[in-house]
Amino acid sequence: MELKLTASDSDLLAGESGEGARLAMSILVRVAEVQEAEQFIPVKSAHIDSSLYMGDATLDYAEHLVRLGAEVAVPSTLNVAGVDPHGWKDWAVPPKWAEKAHRQMVAYQSMGCIPSWTCAPYQTDEARPGFGDQIAWGESSAVVFANSVLGARTERYPDLLDICAAITGRVPFVGLHLTENRAGKILFRCHGIKSSLLASDELYPVLGHLVGKIAGNRVVVLDNLDVEPSEDQLKAFGAATASSGSVALFHWVGITPEAPSLNDAVQGRSPEEVHEVTMDDLRASRDELSISKGEQIDMVVLGSPHFSLEEFKVLVPLLEGRKRHSDVRFLITTGRGVKLIAQEIGLLDSIHSFGGEVTVDTCILTSPMLPNEIKTLMTNSAKYAYYTPGILGRDMFFGSTKDCVESAVLGRIVRDDSLWY
């Protein structure tokens, strides 16, 4: 299958827009040939995961593009960086790491990227793509949210390729950019789920963890759930499916924009598989997210993906008039835009009075923040619970937001199982 270039594509490849754009387009052309794409299409925006410092190679790549004069051609938000440039000294971040991570941040801003520094760029209105918009987003939880909840269209763009799409404003017309590839392939129906659990935030990361393990990279459809999830619940569900699996698109019948009916979700076809989800399945999924031998914890982590303003509003009443245990650190990670709003409306006062900390611009999974004495953590995030043992080598407990607060106060694991039995 021959790749057909437009006149503007050929100009980019010939260096008419500069050496940086030429290099980016040459990389995209090679990828398109591997993918057997027939053509490129324009994108309206990009979200750049390459901004995360992962070693000298990622820094060299970014600074090389800057030296070549590369500039983004479409609005391009930045994912988390390797460091919180203002708060890294409060943690165990090596100074050399912080210096290089900051250089990488500067490089991407020099190319005209928007300094959002969040894995949840859709939490600010100016970064939300519209229904049907073709975009080039990196970061798995952002990708699945954009595709599923917003109805935009993006592949899972990997680091280093995402910035090429941003510089050229072009991507291969393949995968989830195409309507026919967005049809649901695997159907999940839930049976016997308690109404109290359906209304709880705790269900969605657990259900997502279960669905992702089974679905892998297939397009998911959910049906038979009499509930209207909030945006944050959909965020937690999608992030979990993209972690235990590699789901980039799910359809929730009657909820997400491409699934007003089951027939719409599967585009009139029959799903490849149908799975009936029971309470036993969900309990087993929940148990898988906790890996620890004891009951003591050293730290609670909330905000993976980054905490939203609504999540701050839910958390604050749970903290008021209380104090964390002296042996437990309590951390929330969020985007700088959300933190600024939360601060302006007074939500951070209760967090600081409780003894909590707020970190922006980075992710505790990918920044060497944790001191050695932090051995066991607790979170309400299936994504963070799934990755922490392997990436950070720490023990992990999973629980609801309320469980996390109670555990931070008492200095030991507290979990309310009443919703699950």
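The values are calculated or read from the model by the stated rules, or taken from the named source; none is laboratory data. If you're wondering where the values come from, they're calculated on a predicted model, not measured in any experiment. Cβ coordinates were reconstructed from backbone atoms using ideal geometry, including for glycine residues, and neighbour counts include every protein chain displayed. Just the protein is used for accessible areas: all its heavy atoms, side chains included, with ligands, DNA and RNA removed. Shrake-Rupley method; radii C 1.70, N 1.55, O 1.52, S 1.80 Å.
Shown is the FRET efficiency for Lys323 and Ala92, computed with R0 = 41 Å from the Cβ-Cβ distance and rounded to the nearest 0.05: 0.95. Each residue of region 404-421 was assigned a 3J(HN,Hα) from its phi angle through the Karplus expression (A = 6.51, B = -1.76, C = 1.60, θ = phi - 60°), giving 5, 5, 4, 5, 5, 6, 8, x, 8, 5, 10, 9, 8, 8, 5, 5, 9, 9 Hz with x at Gly and Pro. In sequence order, region 239-251 has phi-based couplings of 4, 5, 5, 7, 9, 6, x, 9, 5, 10, 7, 10, 10 Hz under the Karplus curve 6.51 cos²θ - 1.76 cosθ + 1.60, θ = phi - 60°, and Gly or Pro positions carry x. Ordering of 412-420, 360-368 by packing is 360-368, 412-420, highest average first (other Cβ atoms within 10 Å, averaged per residue).
Working from label points 7 Å from Cα in the Cα-to-Cβ sense, the Gln296 to Glu99 distance is 3.7 nm. Just checking the listed ones, Asp280, Asp223, Asp125: in the Gaussian network model of the chain with Cα springs under 10 Å, the one fluctuating most is Asp125. Of the residues Asp327, Asp162, Asp90, the one that moves most in a GNM of the chain with alpha-carbon contacts below 10 Å is Asp90.
Excluding ligands, DNA and RNA, the accessible surface per residue across region 187-329 is 41 Å² with a 1.4 Å probe.
Using alpha carbons only, the radius of gyration of the chain set against its Kirkwood radius gives Rg/Rh = 0.98.
Arg153 sits among other residues whose Cβ lies under 13 Å from its own Cβ, and their net charge, with Lys and Arg +1 and Asp and Glu -1, is -1.
Ordered by solvent-accessible area of protein heavy atoms (1.4 Å probe), largest first, the residues Phe397, Phe237 come out as Phe397, Phe237. Which one, Gly112, Gly169, Gly184, has the greatest fluctuation when you compute a Gaussian network model over the chain with C-alpha springs under 10 angstrom? Ranking Gly112, Gly169, Gly184 by mean-square fluctuation puts Gly112 first. Placing dummy labels 7 Å off each Cα toward the beta-carbon, the span from Tyr61 to Arg269 is 3.1 nm. In plain terms, the chain from Glu38 to His352 could stretch by 107.6 nm, reckoned as 0.36 nm per residue minus the Cα-Cα distance. Between Lys4 and Ser195, residue separation times 0.36 nm minus the direct Cα-Cα distance comes to 63.4 nm.
Taking K and R as +1 and D and E as -1, what net charge do the other residues with C-beta under 14 Å from the C-beta of Glu231 add up to? That sum, taken over residues with Cβ under 14 Å, equals -3.
Sorting check: for 225-232, 343-350, which peptide has the highest mean count of neighbouring beta carbons within 10 Å, and how do the rest follow?
Most protected by this proxy first, the peptides run 225-232, 343-350.
Only the Cβ atoms of Lys and Arg (+1) and of Asp and Glu (-1) were treated as charged; on that basis the dipole of the chain about its Cα centre amounts to roughly 560 debye. Extension gain, Arg30 to Val314: 0.36 nm times the residue separation minus the Cα-Cα distance gives 97.5 nm.
Net charge dipole, region 200-239: roughly 360 debye, given to the nearest 20, about the Cα centre with Cβ charges of +1 for Lys and Arg and -1 for Asp and Glu.
Estimated from the Cβ-Cβ distance and a Förster radius of 56 angstrom, the FRET efficiency linking Glu19 and Tyr421 is about 0.35. For Val358, the amide hydrogen comes within under 5 Å of the amide hydrogens of Ile332, counting only partners 5 or more places away or on other chains and with H modelled in the peptide plane. Along region 103-114 the Karplus relation, 6.51 cos²θ - 1.76 cosθ + 1.60 evaluated at θ = phi - 60°, assigns HN-Hα couplings of 4, 5, 4, 4, 4, 5, 5, 5, 8, x, 6, 7 Hz to successive residues, with x for each Gly and Pro. Each Lys or Arg adds one and each Asp or Glu takes one away; over the other residues whose Cβ falls under 11 Å from the Cβ of Thr58, this sums to -3.
Within the same chain, lysines fewer than 8 places from Lys339 are excluded, and of the rest, those with a Cα less than 23 Å from its Cα are Lys89, Lys235, Lys313, Lys323, Lys383, Lys402.
Expressed in Å, the radius of gyration and Dmax of the Cα atoms of region 15-92 are 15.5, 51.
Charging the Cβ of each Asp and Glu at -1 and of each Lys and Arg at +1, and nothing else, the dipole of region 346-401 about its Cα centre rounds to 220 debye. Our compactness index for region 100-142, the C-alpha radius of gyration over the empirical 2.2 N^0.38 Å, is 1.31.
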